[in-house]
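Heads up: the structure comes next, in structure tokens.
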Amino acid sequence: MNESFEPHLLTARAAAAVNGLAADGSQLPHIVTVGRYRIGRVLQRLSPLWSGQARFTHIAASFDDAVAQVHALHRRDPIDALVAAGASGAWMRERVDIPVGMVEVRGLDLLQALRQAKLQVSDDAPNVGLVTFEAPSPVVAQFDALFGLGLVQVGYLGPQDAADCIQELKAQRVGAVVAPGLVADLAEQSGMASVLLYSDSSVRQALSDAMLLARHRLAERDRHQRLETVLGQLQDGVVAVDEQGRIRALNPHMAALLGASVSALHGRLLDEVAPALGTAQVLAGGEGGEEVVQLALRTLVVRRAPMVENGKLTGALLVCRDPAVIQRADRHLRADQRQRGAAVRWRIADYLGSSPAAQRVRALARQFAASEATVLILGESGTGKELVAQGIHRAGRRASQPFLAVNCAALSESLLESELFGYEDGAFTGARRGGKTGLIEAAHTGTLFLDEIGDMPLALQSRLLRVLQEREVLRVGSTTPIPVDVRVIAATHADLAAQVERQQFRRDLYYRLAVLRLTTPTLEARGAADVAELALAMLAKRLGLPDAKALAASRHAALAGLLEAVLLHAGEHRWPGNVRELDNWVERLVACQDYLCVAGAGRPPALDAARLLEIFPECSAGVALAVPQAARKSRLRDASRLAERERVREVLERVQGDQGRACEELGISRATLWRRMKEA
Ligand SMILES: Nc1ncnc2c1ncn2[C@@H]1O[C@H](COP(=O)(O)OP(=O)(O)OP(=O)(O)O)[C@@H](O)[C@H]1O
């Protein structure tokens with residue numbers, strides 16, 4: 001016996017079914033019974049037996065009317081299976097894409113029905129009528145001939161035949177009829193006894209069949225929904241077709257590419273909707289692979305793959321990509337690679353100096369980092385323009401994105417153009433195959449530093465202006481602009497405003513660039529204290545120390561003192577090469593430290609003025625003019641002593657304590673060496 005007949009199960013299930021859920025919380029399949037008249041009533045009477053296992057809806061209609069109502073309901077509330085009988089059921093099965101549990105006439109049921117009918121005939125009308133869907137059965141006719149039932153068989157195709165059926169039965173003196181619902185009802189109305197062709201057990205069997213079909217379909221629907229959720233998350237358009245090329249699944253992105261809704265596209269032939277996708281080609285056993293196609297006005301990259309199950313081709317999967325997405329990913333990858341190659345080294349705090357001018361630079365840079373506006377950094381060569389640009393980038397929201405720099409003065413016009421804007425495949429003779437991504441594209445989401453912007457040729461200035469205005473870049477040889485999100489920081493040592501007046505620089509570009517403006521001061525403007533601070537930091541860096549503070553405690557303290565002494569003699573030097581020139585001094589000092597200090601007889605080594613001028617001719621003015629003050633002299637002496645001691649220690653280390661060799665190298669006597677060793 002079917003478990004659904006157990007009453008306690010029925011109640012528990014019925015309670016859960018109120019919400020369309022099974023007792024375990026899973027969704028119940030939706031079954032729709034379809035039928036009018038007597039069969040409709042039997043279906044409604046018996047379907048509650050499954051009430052805990054399925055949700056039932058009844059549609060009292062037949063044929064086209066039933067088909068229309070089923071479609072309408074299915075759109076509102078998806079149906080998992082239908083139950084119907086006879087001609088109307090067969091009609092529906094042809095027209096609805098939902099499995100149908102058919103109420104079938106079974107042999108014993110028919111005998112039972114005929115027996116019941118026979119018991120109800122009268123002498124006036126002694127015959128029994130049998131109305132069946134489609135043609136009369138020869139087997140039943142043979143049975144009648146054998147047992148003498150007086151059976152009149154009539155075929156029935158649809159409601160339009162019902163009245164004719166009744167007339168024919170009457171004419172043949174039929175007293176009781178075994179017939180489908182409508183005919184049975186009409187027979188009763190015209191005074192004939194009637195027995196429904198379908199027994200309760202055949203209706204129960206149909207309901208049970210429908211249950212199985214519905215469960216299967218519900219599981220399929222769940223799988224489909226999960227798949228749709230996954231597909232919905234994809235940025236690509238994805239469509240699956242069956243072996244005939246009919247769309248069986250697609251995601252909203254694909255529907256948008258095809259220009260219709262998901263539901264409108266479902267079931268249509270993909271080759272009719274979008275012939276360019278080449279569905280037929282892959283279904284005909286062609287190779288999958290990737291191709292660029294034109295779909296309406298869009299260019300897409302389509303990838304096709306046949307679907308093969310158990311060695312049989314069951315359909316195909318097509319994945320469509322917007323080339324812009326691929327290009328963007330490509331740009332990101334390239335930008336990442338470039339970024340790794342040219343890491344951002346500097347932070348705003350690396351801009352050293354305690355002078356008010358240096359403090360102002362740091363404060364402004366911090367302000368600019370919080371903004372997205374274009375920055376123009378003005379300043380002489382070697383005043384830290386790139387350092388500040390990197391600092392602004394690193395302190396802003398683009399810090400984790402690429403920082404790319406290009407020196408506009410270092411490249412020829414055509415090279416600078418392709419470096420900045422990139423080019424398309426075959427844009428010019430010698431162009432790399434596959435084209436090239438320009439720095440502007442590669443800096444997407446990051447910062448582009450345009451050094452020596454004043455040297456950018458006028459033609460490129462116009463192209464750059466377009467990038468800043470339209471926020472898109474046009475590769476050389478291309479007509480399709482690529483959107484970019486780049487912050488531009490430009491720098492120049494030139495007087496850009498004067499260049500604008502002389503029409504050497506586009507005025508509109510100048511204003512676009514100079515939204516935020518910052519000037520990096522020269523070393524001269526920053527003063528001697530900043531010069532010393534920077535020089536000591538450079539010395540520390542050369543010696544592999546973390547910063548200038550570490551010098552004092554190191555064995556290089558004397559060298560640091562020597563550096564300070566040399567700088568004191570720089571006097572009025574104007575540092576035209578700025579930080580680069582200063583770094584050059586530090587390097588010279590490290591190389592010539594021994595030569596600079598001369599030990600007199602019985603006197604500690606001291607900075608030798610003549611040698612100083614020889615190595616640092618820039619000092620001449622200072623040395624000649626400045627009368628060294630007492631404080632300076634003593635600082636210098638200390639520095640020289642320190643340097644000498646340091647030197648002794650270094651040489652002794654190198655010669656592994658061999659004092660004879662150390663004296664030779666240092667050019668001093670053994671007695672002096674011992675004294676120096678004691679001091680150290
Ligand atoms: N205030 C400063 N503090 C620390 N280092 C500095 C400072 N100013 C400049 N530098 C250093 O000087 C060197 C040159 O700086 P940078 O390249 O930024 O200058 P620039 O103005 O861009 O020069 P150019 O215009 O010649 O390219 C770098 O090593 C930089 O770190």
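The values are calculated or read from the model by the stated rules, or taken from the named source; none is laboratory data. No experiment lies behind these values; they were computed from the predicted model shown. FYI the Cβ positions are ideal-geometry reconstructions off the backbone, even for glycines, and counts take in every protein chain you see.
Would you check which residues across the stretch 150-185 are touching a strand residue (DSSP E or B) at 6+ places or on another chain (Cβ under 8 Å) and either in the same structural domain as V42 (by TED's automatic domain parsing) or farther than 22 Å from F63 by Cβ (or both) and list them?
Selection gives G150, L151, V152, Q153, Q172, R173, V174, G175, A176.
Of these, L270, L283, L317, which one is surrounded by 18 or more Cβ atoms within 10 Å (Cβ to Cβ) and either of a type in the set (S, T, N, Q) or at pLDDT 85 or above (or both)?
Result: L270 is the single residue among L270, L283, L317 that is surrounded by 18 or more Cβ atoms within 10 Å (Cβ to Cβ) and either of a type in the set (S, T, N, Q) or at pLDDT 85 or above (or both).
Would you say V515 is assigned by TED's automatic domain parsing to the domain that holds P356, in contact (Cβ under 8 Å) with a residue 60 or more places away in the chain and within 16 Å of the ligand (Cβ to nearest atom)?
no
Looking at the stretch 140-161, which of the residues that are among the hydrophobic types (A, V, I, L, M, F, W, C) and in a helix (DSSP H, G or I) is surrounded by the most Cβ atoms within 10 Å (Cβ to Cβ)?
V140
Of the residues E501, E472, only one is farther than 30 Å from W575 by Cα and not polar (S, T, N, Q); which?
Selected residue: E472, the only one of E501, E472 that is farther than 30 Å from W575 by Cα and not polar (S, T, N, Q).
Quick one: which residue in A529, A494, A535, A490 is among the small types (G, A, S), within 15 Å of the ligand (Cβ to nearest atom) and part of a loop (DSSP other than H, G, I, E, B)? Quick ask: steps written out before the conclusion?
Details: A529 fails: part of a loop (DSSP other than H, G, I, E, B); A535 fails: part of a loop (DSSP other than H, G, I, E, B); A490 fails: part of a loop (DSSP other than H, G, I, E, B).
Every option except A494 fails the conditions.
I'm checking my understanding of the structure. Among residues of the stretch 433-481 that are free of Cβ contacts under 8 Å to residues at least 60 places away in the same chain and hydroxyl-bearing (S, T, Y), which one is surrounded by the fewest Cβ atoms within 10 Å (Cβ to Cβ)?
Per the criteria, the residue is T479.
Condition (residue is polar (S, T, N, Q), away from the ligand (no atom under 16 Å from the Cβ) and part of a loop (DSSP other than H, G, I, E, B)) applied to the stretch 442-452: is it met by at least one residue? Explain how you work it out, then say what you get.
The first filter runs over the stretch 442-452 and keeps only residues polar (S, T, N, Q), leaving 445, 447.
When the remaining residues are screened for being away from the ligand (no atom under 16 Å from the Cβ), the result is 445.
Filter once more, so that each one left must be part of a loop (DSSP other than H, G, I, E, B): 445.
The answer is yes, given that some residue of the stretch 442-452 is polar (S, T, N, Q), away from the ligand (no atom under 16 Å from the Cβ) and part of a loop (DSSP other than H, G, I, E, B).
May I ask you to verify whether L111 is surrounded by fewer than 17 Cβ atoms within 10 Å (Cβ to Cβ) and over 15 Å from V195 (Cα atoms)?
no
If you take the residues of the stretch 164-210 that are charged (D, E, K, R) and under 20 Å from A135 (Cβ atoms), which of them is modelled with the lowest pLDDT?
Result: D164.
Return yes when A117 is closer than 16 Å to R38 by Cβ, among the hydrophobic types (A, V, I, L, M, F, W, C) and either over 49 Å from the mean Cα position of the chain (by Cα) or in the same structural domain as P29 (by TED's automatic domain parsing) (or both) and no when it is not.
Yes; evaluated as a whole, the condition is true for this residue.
I need the helices (runs of 4 or more DSSP H) fully contained in the stretch 343-435, keeping only those with at least 1 residues that are modelled with pLDDT of 90 or more, within 12 Å of the ligand (Cβ to nearest atom) and in the same structural domain as L448 (by TED's automatic domain parsing).
Result: 356-369, 385-395.
Please specify each residue of the stretch 485-495 satisfying the condition of being surrounded by fewer than 21 Cβ atoms within 10 Å (Cβ to Cβ) and among the aliphatic types (A, V, I, L, M).
First pass over the stretch 485-495, keeping only residues surrounded by fewer than 21 Cβ atoms within 10 Å (Cβ to Cβ): 485, 493-495.
If the condition is that a residue be surrounded by fewer than 21 Cβ atoms within 10 Å (Cβ to Cβ) and among the aliphatic types (A, V, I, L, M), then A494 is the only one that fits.
Can you tell me which condition D508 does not meet? The list is (1) acidic (D, E); (2) part of a helix (DSSP H, G or I); (3) assigned by TED's automatic domain parsing to the domain that holds A609, and all the others hold.
Checking D508 against (1) acidic (D, E); (2) part of a helix (DSSP H, G or I); (3) assigned by TED's automatic domain parsing to the domain that holds A609, the one that fails is (3).
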